[in-house]
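The structure appears below as structure tokens.
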Amino acid sequence: MGFDSLSVSFFSQGITSILVMIVGLAWYWQEVEPLNKRMFLIGFFGSIFDSCGKATIQKAYSTGPAGPIAAFVELNNVVLILKEAIVHRKIPNYLETLGFVFAIIGALVLCIPEQLVKWIKCIFCCTCRKSRS
């Protein structure tokens, strides 16, 4: 049939971005707040990075297993937690740390289950030592 979902996705994302830009130019920057060039450039380049990231994720979903891809995508929340903890110089409390650990382990279970089982056996069951013959 020749239907390319990646092209349709990019087209729809482009149309919505253009509509948001029109609303921003026509209404927001005239009625609410004047145009801030610095914030405009941050948003412009941020949207380019966002579009590249979405394209990469969509291509990965179309060619590979969804579980590991989704796990890697959701790890951005863990990275954000680390960044915010460093920026605010705050150590996460025990519930935040527990959630952080669960997120990492969950991503590892989806991405590399065989290696994770081997590591757990090595750590807790001492089966990583080479047997002497």
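Which of 51, 12, 62 ends up with the largest GNM mean-square fluctuation for the chain, with Cα atoms connected below 10 Å?
Taking springs between Cα atoms under 10 Å, the residue moving most is 12.
How far apart, in nm, are two points set 7 Å out from the Cα along the Cα-to-Cβ line at residue 82 and at residue 12?
Placing both labels 7 Å along Cα→Cβ, they lie 3.3 nm apart.
Mind checking the log10 I(q)/I(0) for region 65-133 at q = 0.13, 0.17, 0.18, 0.23 Å⁻¹? Debye, one equal scatterer per Cα, no solvent, two decimals.
With no solvent term, the Cα-only Debye profile gives -0.52, -0.75, -0.80, -0.98.
In debye to the nearest 20, how big a dipole does region 65-133 give about its Cα centre with +1 on each Lys and Arg Cβ and -1 on each Asp and Glu Cβ?
500
Given the C-alpha atoms of region 1-64, compute the convex hull and give its volume per residue in Å³.
Convex hull of Cα atoms, per residue: 77 Å³.
Given the options 105, 57, 42, which has the most mean-square fluctuation in a GNM of the chain, springs set between C-alpha atoms less than 10 angstrom apart?
Judging by the Gaussian network model, the answer is 42.
Please provide three numbers in whole Å: the alpha-carbon extents of the chain along the principal axes, with the largest listed first.
78, 53, 21
Between residue 102 and residue 4, how many nm apart are label points set 7 Å from Cα along the C-beta direction?
4.2
Within 10 Å of each candidate Cβ there may be at most 12 other Cβ atoms; applying that plus a DSSP loop requirement, which trypsin sites (Lys or Arg not before Pro) in region 33-133 survive?
89, 90, 129, 130, 132
Can you give me the distance in nm between label points at residue 27 and residue 58, each placed 7 Å from the Cα along the Cα-to-Cβ direction?
2.6
With springs only between Cα atoms under 10 Å, which of 71, 85, 103 fluctuates most in a Gaussian network model of the chain?
Greatest mean-square fluctuation among the candidates belongs to 85.
Which residue, chosen from 43, 101, 13, occupies the Cα position most advanced towards the positive end of the dipole of the chain, where the dipole is computed from +1 (Lys, Arg) and -1 (Asp, Glu) charges on Cβ about the Cα centre?
101
Read the figures in this text as sums done on the coordinates, not as results from a lab. Worth saying up front: this structure is predicted, and the values here are computed from it rather than measured. Glycine gets a Cβ as well: all are built from the backbone with ideal geometry, and neighbour counts include every protein chain shown.
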